Structure formats: C-alpha cells, structure tokens
Amino acid sequence: MSHAFHQPATRKEDLRLITGAGKYASDWNLPGQAYACFLRSDRAHARIASINVERACAHRGVLEVFTGEDAVRAGYNRPFTFIAFTGRNGAKIIVPERPALAHGRVRFVGEPVAMVVAESALAAQDAAELIEVEYEDLLLVVSPHAALAAGAVQLHDNVPGNVPLELERGDAAAVEAAFARAAHVARLAVESTRVTPSPMEPRACLVAFDGGDESYTVHVCLQGMNMMRRQISLYTGVPEEKLHVVAQDVGGGFGQRSSVYVEYAALMIAARGLGRPVKWVSTRSEGFLSDTHGRGNLISGELALDRDGKFLALRIDWITDMGAYLTASGPQGHIRNTITCMTGVYRIPALYGRYRVVLTNTAPVAAFRGAGRPDIAYLVERLVSHAAYEIGMDPVELRRRNFIPPEAFPYKTPTGSTYEYAELEACLDKALVFSDWKGFPARKTQSAARRKLRGIGVACVIENTGAGMFSKDQIELEAGADGGFTAYSVSHSQGQSHETTFSMVIAGTLGVPIEQVRIKQCPTGRMLIGNHSGGSRTMVGAGSVCKIAADRLIEHGKALAALELGAEPSQVEYAHGAFSLRADKRKVTFADLARRQPVSVTGEGSFGTTFPNGCHIAEVEIDPETGVTDIVSYVAVDDCGVVINHAIVEGQVHGAITQGLGQVFGEKIIYDGDSGQLMTGSFMDYYMPRAGMLRNFRLEEHPTPSRVSPLGTKGMGESGCTGSIPALVNAVIDALRPVGVRHLDMPMTPARVWHAI
C-alpha cells in the first residue's frame, strides 16, 4: 500500500527551531505581568504546623503570597484520574485530595507549599526564602513494599493500606489449571525503574485573567490543547469555554507534558486575585523534584510451558508506584496498556494479572514514553528468554513455536484486546539476517580471546496505539486566496514534526507542493474536537483526518467550481489545486474560489487501536574488569504500517531506543529511605544517555498496512522504548550467564555489573 506523499529533504519546522526563532512557553510575555516563585517542601512527610509569610510580604516588589488556604478557598483541591477500570468487587479507584498548594500536610519533597508573586522573578525568589514554615515530621515510606507493609504509615486518611485501587484481570482458575499440568514454569521478578522523562524544555506557564467574561488564557507547554483544557477545567471547576490554552513550540513531552500540574491552578488563583498576568518558569532542579516521573513498577511473572516448549499460561503480580498523589494519566496507562498487551506476541491460552496501585512519599508518577507497554514487554520477553535458557532451547526457536501466526489475525487475546494483522515471524527473520545472528558464536569467541564477555539478546514486541479520550479527531482545512492551504489541529507536536507529516499528507492528497501547506497547532477561537499527542496516536488519528479533510476540500471545491463554470459537479475534474471541465479549457483554482468566498471544511474521524510490532536484536560486549558495557550492534525491524516520512520514523525509533538504553544502563530516580530526600536531583547525580552509546545500529521496516487508519499507518513514537529495554537486558544477561549471573535489575551500571560478576 502506498500513497503519493512527498518526501521532503528536511523537516519544515527545522529552520525555525535550530535558528532560535521558535517560541516556547517561557518566551510568552504579556503587558503588566508579574512573576511567581514556589516555596517547596524540604521534607517528605510532615504536618504543616504554621506558615509565617509576613517577612515575605514586606519584601520589596512582592505583590502577594498565596498558601494552601487560598487553594482550598478557591476549591482547587479535587484532582481526578482518567482510569475507567473497577477494582475487586466493583470498587472504584480512590482519588485523594490534593490542593494546588499544600494544606495541612506535605507528602513529598518538592510539593509546593506557598507561592510568592512579585514584580520580578528575582524578587519573588528572594522573598520565598523569607517564608517561615514550621513542620511536624511524620513517618514516611518511599518504596511500594514499605507502603504495603503491615503497620505502614498512611499517606491519606481515605486510602487504606496506601492502595487506592486493586484489581484482577484474566482467568485465575484457567491459569491455575494450566500451571498444574505444566512441564516447566519459569519465574522472574523484575523492576522497571522509576525515571524522570527530562524534556529539553523546563516547564513554564503564563496565566492571564479577563474579568469581563471571567475567562483565563493559559500559555503552557503541552501535548494537546483539548487534553490540557479538559484537565484544568476538571480540577478547577472553570468551564472549558472559559479557558483559552495557547502554545506554539514545545521542547519535548514524552508523556510528562500531557498532565495538568497544580502550579498552573495556583497561577490562576494569583492572576484572578491580582488582576494581572502571572508568569512562572521552572528551574531544572524544580523539574527533578516536581515534574511527574515515569515507570516505577515492581513485577513478578510466571510462565508455564509444556514439554514441547508451548506456552500454557502467564501469571503476573504487578505493583505500580504512583507517588504521593494520583495523576490524571498515571494509573490508566500503567494498567490498561499492560492488560491489553499481556500476551505479548505469543499465543498464551490463559492469562491472569493482579494489579495494585500504591502511594508513596515521592513525586507523582504519570505517563512516560510507552506508559506500561515497555514494562509488560520487558517482563514477557525476559521471561521467554529466561525460560529458553532453563529448558535448554534456543531463544529464537522458543519464540517461533509460540508466535501468533498470520492466519490467526485479527487475534483476540484472553484479556479482551484484538490485535490487527502482523507478520511477527517475518520481522524476526529480517532481524536475524541484519544482525548476523548465525555469526554470533564466532564473534563471542573473538571477544573471549580479548577477555571480554559477549552477549546477544532478542525481543519481539507489540504495543497498542491510537486510542484517545475524545470521541473523534477533527482537522479544519481552508484554502487561501494566496494559493496556500492552512490546516488547524488541536494535537500538538513536541518534536514529532507534525508540520511536516501533516503537510505531506495534505499536499499529497491535494496534489500541490508541500510549501503551499501551513499547519496551525493549538488554534485559538476554533472549538475543534481532538486528542492530544500521546500514546503514538497522532498519525493514526489527526494524520488520517488530514487526508479525510483534504478529500472533503476537493469535493467542496468541485461544487463551488461547478457554479463558477456553469456545470454539474460530476463534470468537474480536479488536479493540482485547479478545477476544469472535461470538454472545456477553462479552469478555476482554489485561490480563485477563495477570493470570492471562504473555502473551508472540517474533516473528522474516529479510529480504533492499532498494533505496531517488531523485533529488536542487541549485541553487547562487557569488560569484566570494569563492568563497562559496550553496545556493539543494534538492529530494529519495525512494522508501523504505511510510512509517511522515513526520516522522521527513523528519528523517532532512534530517539526511543536511546531513551530505553538510558533506563537500562543508568537512569534511576532514587530517594533516601530514611529522609525521603531525592538523591538524584540533578544531572550530576542522574545519569543520561550519551550520543556515543548507540553507534552501530540498523533500522529497518517491515510494514503491514493498518485497516484501522485510512492512511494505513500504525503508531511509531514509543516502539523504540518497548523493544530496546528487553533486547538490551537480554543481551547483558546472555553475556553474564557464563559467569553465573541469571538475572540483574536495571540500571546495569558498570558498578552493578562488576559487582554481579
């Protein structure tokens, strides 16, 4: 399946972004704006005995100091979560209150306690240091196991046992019966470590209040205007039509920019109370403390096999650490996505999972690139390789025996999801060739001669993408008198290059040069329905609607051109921006029509879930004297359906693989167990992957068109994380197995690897 889309040499937005002409959240300014600074809790769990703001209020340039009393008075203390699951016995998730500024109690280091608003940012910062807070320390828990222990301190009075939700999915009886007749059971307990997404752009927000119509304008970094507006409305009670969300460029998102933050609500209180715009720009240190974290899952898994190596059942026990408060997206993604893909790429007749959502005295957790998909892939693929080793079978052969075959698609899993068509074995076969799997023994021998340990790891993965919280996606497309076309979208790029890919789809459908198409994201004054950019959904949703809108614009243009040409619409032909009659040399262009009247249409569509998949093979070499791991080869063969722009797809995969290796080899958020202090609060303490770590990689495609998307596309933005984490860990364990190491948790730092050896 192919489309006549253009393949531009560069991305349309690149020149603006790399020359410093972009406009990010901190670049917005309004006349008469004031500046905010937040005083944050310096302890993990304590009662607030008193707050004295007198000295801060008297500081030069200070306009006002706001505290938790102001937040409670405004009613900004009722968070929400989008989770639709019910727990045991039909119980609903318990969502504890969280004021925009802490009131009565703090529950993690970095929680905002007070907000100073002043004439300058420096004055606000100086005054914040003058606020006197008296705390009464409480016992604390920073690990899920500690929070679940008998007698553990309770973070919230209405959340017994620190568990706001516990649920089960699958057939426990069928799984138990399968385990009873199994010839072998493989068992592993793994940790998908807590990390911080660390977008390049720190958070920032500028809020203005209009007393005339009681509306707010919020300039903020985001992943979609509708998602942000809906969340602000749900948290504050301000009607959506009274909220105008504005953004232009966003420097990275990774799920961390999809949630509303309490600081934005606090700024709304200040803007309304002072009658002036109020701006806040976060520091990187604040980001480590208060931006949402990702992952943070403790998972135990058991895989039952028969004598021939066929999978019989999978049983998992899943503990997800949500931090001190529930976020809008945190529980939903970590549970829904893992249930959807619990069977991986394999026919496993019986599945059962037990899930516990746990609260701890740490920063809240939300979505992070993959949101549960890399975690379930990590467990399943580690279990499969572990089982292969235990039963003495080649890990590739064990996978082949259990793949869902092409003829079984669409495949309904035991937990209720339906996979669309995939060619799993074909992806594996390509990856084996490109990685020279057969030549690995010789390379291992060569490494051994140099006193190095060499390992190879494979991961075959699948993930669900394309879903969203809004019922449909809309794109408004209009023709201009200048011959150009402008498309309006409520999904928002944070580096995924919507301006290029959307333009390619529209230009290819209209048959015009890509330079004639403009993309306007986050348009004000246009109440379009649509989802944010997250969960690898944008090209499946908004991207598909770009084609639908372009087709509709052509049909609308034919009707208008027929009136101009004095003919029936059926007699009008269209090509390359112009309309003509079959037996007539007269022509009329979109630009001609637009000079006479507005020429605009709204395209819309509702789409289901797509299932991109692929095979990743990593090869590593370890120096046993230092524990340093070198990634000597990496191959990824991915099926993301029809590819619109190969360079952008490769960039997405490359970036996601690098984020995955960051988690595998170093990234981990660490809190001190006694004090609850963040030990990894800067890039001096928190490891980030370097460009040179992934030198030898090959990215290939094996597209099978999706029937869900009119474009035939499947999601792509997160697959690199989903495949790289299990592939790299399997490779490291394969290298370490000859020296007696059967399992090692992430991060596999040189020190940890050396100690294991």
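The values are calculated or read from the model by the stated rules, or taken from the named source; none is laboratory data. The model shown is predicted, which means the values in this text are computed figures rather than measured ones. Note: ideal-geometry Cβ built from the backbone for every residue, glycine included; neighbour counts use all protein chains shown. Ligands, DNA and RNA are excluded from the accessible area calculation, which covers all protein heavy atoms including side chains. Shrake-Rupley method; radii C 1.70, N 1.55, O 1.52, S 1.80 Å.
Pairs please, first residue from the range 124-150 and more than 30 Å from residue 270 (Cβ to Cβ), second anywhere and among the polar types (S, T, N, Q), Cβ atoms under 6 Å, 6+ apart in sequence or on different chains.
As it stands, the answer is 140/361; 141/360; 141/361; 142/360; 142/361; 142/362; 147/162; 147/360, since those pairs meet every condition given.
Out of the residues in the range 722-752 that are β-branched (Val, Ile, Thr) and either touching a Cys at 6+ places or on another chain (Cβ under 6 Å) or in a loop (DSSP other than H, G, I, E, B) (or both), which is farthest from residue 635 (Cα to Cα)?
So the first thing to find is which residues in the range 722-752 are β-branched (Val, Ile, Thr), and the list is 722, 725, 729, 732-733, 739, 741, 749.
From what's left, either touching a Cys at 6+ places or on another chain (Cβ under 6 Å) or in a loop (DSSP other than H, G, I, E, B) (or both): 741, 749.
Working: 741: 25, 749: 22 Å.
Ranking the qualifying residues of the range 722-752, first place goes to 741.
Considering the range 483-498 alone, what residues qualify as being open to solvent by 10 Å² or more (accessible area, probe 1.4 Å) and in contact with a helix residue (DSSP H, G or I) (Cβ under 9 Å, 6 or more places away or on another chain)?
483, 493, 495, 496
Is it true that some residue in the range 360-376 is buried (at least 24 other Cβ atoms within 10 Å of the Cβ) and farther than 30 Å from residue 230 by Cβ?
Restricting attention to the range 360-376, the residues satisfying the condition of being buried (at least 24 other Cβ atoms within 10 Å of the Cβ) are 360-376.
Imposing the further condition that a residue be farther than 30 Å from residue 230 by Cβ reduces the set to none.
The answer is no, given that none of the residues of the range 360-376 is buried (at least 24 other Cβ atoms within 10 Å of the Cβ) and farther than 30 Å from residue 230 by Cβ.
Among the residues of the range 19-56, which ones are assigned to a strand (DSSP E or B) and not charged (D, E, K, R)?
34, 35, 36, 37, 38, 39, 46, 48, 49, 50, 51, 52
Find the residue count for the range 523-540, including only residues that are in a loop (DSSP other than H, G, I, E, B) and buried (at least 22 other Cβ atoms within 10 Å of the Cβ). Steps first, answer last, please.
Start the filter on the range 523-540 by keeping residues that are in a loop (DSSP other than H, G, I, E, B), which leaves 523-538.
After this cut, where a residue has to be buried (at least 22 other Cβ atoms within 10 Å of the Cβ) as well, the list is 530-538.
So the count comes out to 9.
Tell me, please, whether a residue that is open to solvent by 20 Å² or more (accessible area, probe 1.4 Å), in a loop (DSSP other than H, G, I, E, B), free of Cβ contacts under 8 Å to residues at least 40 places away in the same chain and farther than 18 Å from residue 198 by Cα can be found in the range 669-677. Show your work before the answer.
Start the filter on the range 669-677 by keeping residues that are open to solvent by 20 Å² or more (accessible area, probe 1.4 Å), which leaves 670-675, 677.
Checking the rest, the ones that are also in a loop (DSSP other than H, G, I, E, B) come to 670, 672-675, 677.
Adding the requirement that they be free of Cβ contacts under 8 Å to residues at least 40 places away in the same chain leaves 670, 674.
In the following step, the residues that additionally are farther than 18 Å from residue 198 by Cα were identified as 674.
Yes, the conditions are met somewhere in the range 669-677.
Among residues belonging to the range 259-295 that are among the small types (Gly, Ala, Ser) and in a loop (DSSP other than H, G, I, E, B), point out the one that is surrounded by the fewest Cβ atoms within 10 Å (Cβ to Cβ). First the steps, then the outcome.
To start, the set of residues in the range 259-295 that are among the small types (Gly, Ala, Ser) comprises 259, 265-266, 270-271, 273, 275, 282, 285, 287, 290, 294.
Narrowing further to those that are in a loop (DSSP other than H, G, I, E, B): 259, 275, 282.
On the way: 259: 24, 275: 11, 282: 21.
Selected residue: 275.
Quick one: count up the residues across the range 215-246 that are part of a loop (DSSP other than H, G, I, E, B) and open to solvent by less than 10 Å² (accessible area, probe 1.4 Å). Give the derivation first.
Let us first name the residues in the range 215-246 that are part of a loop (DSSP other than H, G, I, E, B), namely 221-223, 237-239.
Remaining after also requiring open to solvent by less than 10 Å² (accessible area, probe 1.4 Å): 221-223.
Qualifying residue count, the range 215-246: 3.
State which residue pairs qualify: first residue in contact (Cβ under 8 Å) with a residue 60 or more places away in the chain and inside the range 690-702, second residue open to solvent by 40 Å² or more (accessible area, probe 1.4 Å) and assigned to a helix (DSSP H, G or I) in any location, beta carbons under 7 Å apart, and separation of 6 or more residues or different chains.
The qualifying pairs are 698/434; 699/650; 699/654; 700/430; 700/434; 702/430.
Do we have residue 327 as among the polar types (S, T, N, Q) and either in contact with a Ser or Thr (Cβ under 7 Å, 6 or more places away or on another chain) or open to solvent by 10 Å² or more (accessible area, probe 1.4 Å) (or both) here? Step through it out loud before you land on a result.
On the way: among the polar types (S, T, N, Q): yes; either in contact with a Ser or Thr (Cβ under 7 Å, 6 or more places away or on another chain) or open to solvent by 10 Å² or more (accessible area, probe 1.4 Å) (or both): yes.
In short, yes.
Of all residues in the range 421-473, count the ones that are of a type in the set (Ser, Thr, Tyr), open to solvent by less than 60 Å² (accessible area, probe 1.4 Å), modelled with pLDDT of 95 or more and more than 19 Å from residue 403 (Cβ to Cβ).
Of the range 421-473, the ones of a type in the set (Ser, Thr, Tyr) are 421, 435, 445, 447, 465, 471.
Narrowing further to those that are open to solvent by less than 60 Å² (accessible area, probe 1.4 Å): 435, 447, 465.
Subsequent filtering for residues that are modelled with pLDDT of 95 or more retains 435, 447.
Applying the additional criterion that residues be more than 19 Å from residue 403 (Cβ to Cβ) yields 447.
So the answer is 1.
Can you tell me how many residues in the range 635-648 are out of contact with any helix residue (DSSP H, G or I) (no Cβ under 7 Å at 6 or more places or on another chain) and closer than 20 Å to residue 689 by Cβ? Write out each step before concluding.
First, the residues of the range 635-648 that are out of contact with any helix residue (DSSP H, G or I) (no Cβ under 7 Å at 6 or more places or on another chain): 641-642, 646-647.
In the following step, the residues that additionally are closer than 20 Å to residue 689 by Cβ were identified as none.
The qualifying residues number 0.
Taking the condition without any contact (Cβ under 8 Å) to a residue 24 or more places away in the chain and either in contact with a His (Cβ under 7 Å, 6 or more places away or on another chain) or hydrophobic (A, V, I, L, M, F, W, C) (or both), does residue 459 pass? Before the answer, list the steps.
On the way: without any contact (Cβ under 8 Å) to a residue 24 or more places away in the chain: no; either in contact with a His (Cβ under 7 Å, 6 or more places away or on another chain) or hydrophobic (A, V, I, L, M, F, W, C) (or both): yes.
No.
Could you list all residues from the range 61-103 that are over 11 Å from residue 115 (Cβ atoms) and of a type in the set (Ser, Thr, Tyr)?
Across the range 61-103, the qualifying residues are 76, 81, 86.
With (1) over 20 Å from the mean Cα position of the chain (by Cα); (2) in contact (Cβ under 8 Å) with a residue 60 or more places away in the chain as the list, and residue 210 as the residue in question, which single condition is left unmet?
Result: residue 210 passes all but (2).
Filter the range 1-26 down to the residues that are modelled with pLDDT of 95 or more, surrounded by fewer than 20 Cβ atoms within 10 Å (Cβ to Cβ) and either over 28 Å from the mean Cα position of the chain (by Cα) or within 30 Å of residue 108 (Cβ to Cβ) (or both) and list them by number.
24, 26
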